[in-house]
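Enquirer: Structure in structure tokens, see below.
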């Protein structure tokens, strides 16, 4: 069997180091695995629902009457509380924030047990009637599976994180038959960035998961609409108002959820009992309004087809918001996506009824407003408008309300972001003082300054130079123009062949100097500006050269910038970026192999280390200062390197001493 182990080892190494085949194969495998897991999870929810609401309904109803649902939901909450207390606390809540935290701070590493326990807890909670959705658990399950694959193949953090995103996309794509929305959710919410590599791998995983689910389940939209809504441009103001209302509803939902969570934390009772009490409270509400149980997708269909009266729509909107907050805030397990759609559908439907009553000739059916409200509330709560728009399209297979849908969704998101910068997924971290710090892909045009790309040595002409001399210089120098600089180094203007040609029309070149005919009001750039800004200034200038001036003395020229310099700097930056990614992967493998930890800090103005040389700083003996990031420069320090405020220090330590080193860095910076 030694040959087989060696073959497997080599296969794993090839998969890990491959830049093309390996990532594609892993994305396909993750998507297929998540597709199976998602279908299994949804089936599990239905099995629990059958067991609790059909099998047990008869015996319990004969003893408790309409109150039979109360012990069922309490039992579901008790099971979730038991799993959370004795096995994994991660089973509580809606899952997505934990995935975002793992991506931002843990290199995408999620413990595999979270996948199984989250699936069981969420299936029990939702299946027993808890007011929650399936997206959160599916994202957590898919992400855990993607993370497990990345860890098995010993991938660097960057690729483990990408595997997590592949798993999240596959979970949504498989459960909702929405591959495009799954891709956008993974990029917009989980990764928080867009790049060609990320997009390609996530798409492959999402497609793979969708193929598996469609093979097992029917290829049909999740919400089948028997009607096609028609809207006109005159209705757009109504959808703008609806978008604003949905933004307020999303903010109230978010604040209520975390208020209940904080209140439940303060209550001095055993933690495992809190989800049971929350379930019992939801059960009591459900005795009067059973439509709030579970995901509520069937009730959403009723709202979309105008089968619910306006009073019930308003009541269900409020009750679903409260019951979902109680279910998840007390420690239950589930997601907020389906409840957000439910709240939006009820609010939108009610608004549509009012619009129809007062403006019957100008508005569509209430169902159209319910459909738009679904997307607007989720987008405003999650700050994910693209995901919301695409998800509704794929869930309903209805594209007839695209303009109002996009209008209300974007308006709702903008208003919600203005009133509450944190989404329903990130608010919990801000309250705990945790910064996700999602790093966006860097555009080299925004990362390189003019100072790095400009020419410090350049040719120029004096304003006193005779025009005839300049003409000879232009004829032999292969240049189309020069900066005009006086003897004090101050910029006078720019002179080009076009200026000379215009001067020759009615003037004698022997009687003219460069200062007489040069263009004096010219576009310039500063060394601290980015290449992107410089390129835009080229567009506003007719010259092939941009003078670079001293920011403290704007008339003094210190260099020049040409279009070719921008192209070369961009190319070099792109090549360095690829090299830096390769080195980062190598460093990740090295730290994993040697069990070392990277500790980071940034020096403040009053830091104890600021102004000291490295040898005088007194770094702990169990760490090595590896690099200093000073603005756009990366410095490999020596003992004589002087530390300055604003320096980002990176030090390596062992896992055993990492905590001590981090504390020292925090106190000293």
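The values are calculated or read from the model by the stated rules, or taken from the named source; none is laboratory data. What you are looking at is a predicted structure, and each value in this text was computed from that prediction instead of being measured. All Cβ positions, even for glycine, are placed from backbone atoms using ideal geometry, and neighbour counts span all protein chains on display.
Enquirer: Looking at the structure I just gave you, is residue 484 in a strand (DSSP E or B), assigned by TED's automatic domain parsing to the domain that holds residue 556 and in contact with a helix residue (DSSP H, G or I) (Cβ under 8 Å, 6 or more places away or on another chain)? If you could, list the steps in order and put the result at the bottom.
Expert: Details: in a strand (DSSP E or B): yes; assigned by TED's automatic domain parsing to the domain that holds residue 556: yes; in contact with a helix residue (DSSP H, G or I) (Cβ under 8 Å, 6 or more places away or on another chain): yes.
When the stated conditions are applied, residue 484 passes them.
Enquirer: Looking only at the stretch 119-138, count every residue that is farther than 16 Å from residue 43 by Cβ and part of a loop (DSSP other than H, G, I, E, B) and tell me the total.
Expert: Residues in the stretch 119-138 being farther than 16 Å from residue 43 by Cβ and part of a loop (DSSP other than H, G, I, E, B): 4 in total.
Enquirer: Every residue in the stretch 637-659 that is more than 32 Å from the chain's Cα centre (by Cα) and either more than 15 Å from residue 604 (Cα to Cα) or outside the structural domain of residue 618 (by TED's automatic domain parsing) (or both), please.
Expert: So the first thing to find is which residues in the stretch 637-659 are more than 32 Å from the chain's Cα centre (by Cα), and the list is 637-644, 656-657.
637, 638, 639, 640, 641, 656, 657 - these are the residues of the stretch 637-659 that are more than 32 Å from the chain's Cα centre (by Cα) and either more than 15 Å from residue 604 (Cα to Cα) or outside the structural domain of residue 618 (by TED's automatic domain parsing) (or both).
Enquirer: How about the stretch 627-653: which of its residues are surrounded by fewer than 19 Cβ atoms within 10 Å (Cβ to Cβ), in contact with a strand residue (DSSP E or B) (Cβ under 6 Å, 6 or more places away or on another chain) and touching a residue at least 40 places away in the same chain (Cβ under 8 Å)?
Expert: 648, 650
Enquirer: On to the next question. Tally time: how many residues in the stretch 412-432 are outside any loop (DSSP other than H, G, I, E, B) and within 14 Å of residue 251 (Cα to Cα)? I'd like the intermediate steps shown before the answer.
Expert: As a first pass, look at the stretch 412-432 and keep what is outside any loop (DSSP other than H, G, I, E, B): 412-419, 427-431.
Now restrict to residues that are within 14 Å of residue 251 (Cα to Cα): 412-419, 427-428.
Number of matching residues: 10.
Enquirer: Continuing with the same structure: Just the residues that are under 30 Å from residue 294 (Cβ atoms) and surrounded by fewer than 24 Cβ atoms within 10 Å (Cβ to Cβ), please, taken from the stretch 136-162. First the steps, then the outcome.
Expert: Within the stretch 136-162, the subset under 30 Å from residue 294 (Cβ atoms) is 136-148.
If the condition is that a residue be under 30 Å from residue 294 (Cβ atoms) and surrounded by fewer than 24 Cβ atoms within 10 Å (Cβ to Cβ), then 148 is the only one that fits.
Enquirer: Considering each of 537, 572 in turn, give the residue that is at pLDDT below 80, within 20 Å of residue 499 (Cβ to Cβ) and surrounded by 13 or more Cβ atoms within 10 Å (Cβ to Cβ). Before you say what the answer is, go through the steps one by one.
Expert: On the way: 572 fails: within 20 Å of residue 499 (Cβ to Cβ).
It is 537.
Enquirer: Could you tell me which residue of the stretch 639-663 is modelled with the lowest pLDDT, considering only residues that are assigned to a loop (DSSP other than H, G, I, E, B), touching a helix residue (DSSP H, G or I) at 6+ places or on another chain (Cβ under 8 Å) and within 16 Å of residue 626 (Cβ to Cβ)? Before the answer, list the steps.
Expert: So in the stretch 639-663, the residues assigned to a loop (DSSP other than H, G, I, E, B) come out as 639-641, 643-647, 655-657.
Applying the additional criterion that residues be touching a helix residue (DSSP H, G or I) at 6+ places or on another chain (Cβ under 8 Å) yields 639-641, 643.
Then drop every residue that is not within 16 Å of residue 626 (Cβ to Cβ), which leaves 639, 641, 643.
Numbers: 639: 79, 641: 84, 643: 86.
Here the answer is 639.
Enquirer: Can you name the condition, by its number, that residue 112 falls short on among (1) closer than 27 Å to residue 188 by Cα; (2) without any contact (Cβ under 8 Å) to a residue 40 or more places away in the chain; (3) surrounded by 15 or more Cβ atoms within 10 Å (Cβ to Cβ)?
Expert: So residue 112 meets the others, but not (3).
Enquirer: Can residue 309 be described as modelled with pLDDT of 90 or more and surrounded by fewer than 14 Cβ atoms within 10 Å (Cβ to Cβ)? If you could, list the steps in order and put the result at the bottom.
Expert: Details: modelled with pLDDT of 90 or more: yes; surrounded by fewer than 14 Cβ atoms within 10 Å (Cβ to Cβ): yes.
The answer is yes for residue 309.
Enquirer: Further, regarding this structure: For residue 283, work out the one condition from (1) farther than 30 Å from residue 369 by Cβ; (2) buried (at least 24 other Cβ atoms within 10 Å of the Cβ); (3) within 31 Å of the chain's Cα centre (by Cα) it doesn't fulfil.
Expert: If we test residue 283 against (1) farther than 30 Å from residue 369 by Cβ; (2) buried (at least 24 other Cβ atoms within 10 Å of the Cβ); (3) within 31 Å of the chain's Cα centre (by Cα), just (3) comes out false.
Enquirer: Any idea which of 135, 160, 72 is in contact with a strand residue (DSSP E or B) (Cβ under 6 Å, 6 or more places away or on another chain) and either in contact (Cβ under 8 Å) with a residue 40 or more places away in the chain or under 30 Å from residue 318 (Cα atoms) (or both)?
Expert: Matching residue, one of 135, 160, 72: 135.
Enquirer: Within the stretch 89-121, how many residues turn out to be touching a helix residue (DSSP H, G or I) at 6+ places or on another chain (Cβ under 8 Å) and within 18 Å of residue 273 (Cβ to Cβ)?
Expert: In the first step, residues of the stretch 89-121 are kept if they are touching a helix residue (DSSP H, G or I) at 6+ places or on another chain (Cβ under 8 Å); the result is 90-103, 107-112, 114-115, 117-121.
From what's left, within 18 Å of residue 273 (Cβ to Cβ): 91-93, 121.
Within the stretch 89-121, residues that are touching a helix residue (DSSP H, G or I) at 6+ places or on another chain (Cβ under 8 Å) and within 18 Å of residue 273 (Cβ to Cβ) number 4.
Every residue, every condition in (1) in a loop (DSSP other than H, G, I, E, B); (2) modelled with pLDDT of 90 or more; (3) not assigned by TED's automatic domain parsing to the domain that holds residue 257, yes or no:
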{"position": "321", "(1), (2), (3)": "no, yes, no"}
{"position": "343", "(1), (2), (3)": "no, yes, no"}
{"position": "355", "(1), (2), (3)": "no, no, no"}
{"position": "364", "(1), (2), (3)": "yes, no, no"}
{"position": "391", "(1), (2), (3)": "no, no, no"}
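Enquirer: Can you find a residue in the stretch 268-279 that is within 27 Å of residue 415 (Cα to Cα), buried (at least 18 other Cβ atoms within 10 Å of the Cβ) and under 31 Å from the mean Cα position of the chain (by Cα)?
Expert: From the stretch 268-279, those within 27 Å of residue 415 (Cα to Cα) are none; that's our starting set.
The answer is no; no qualifying residue exists.
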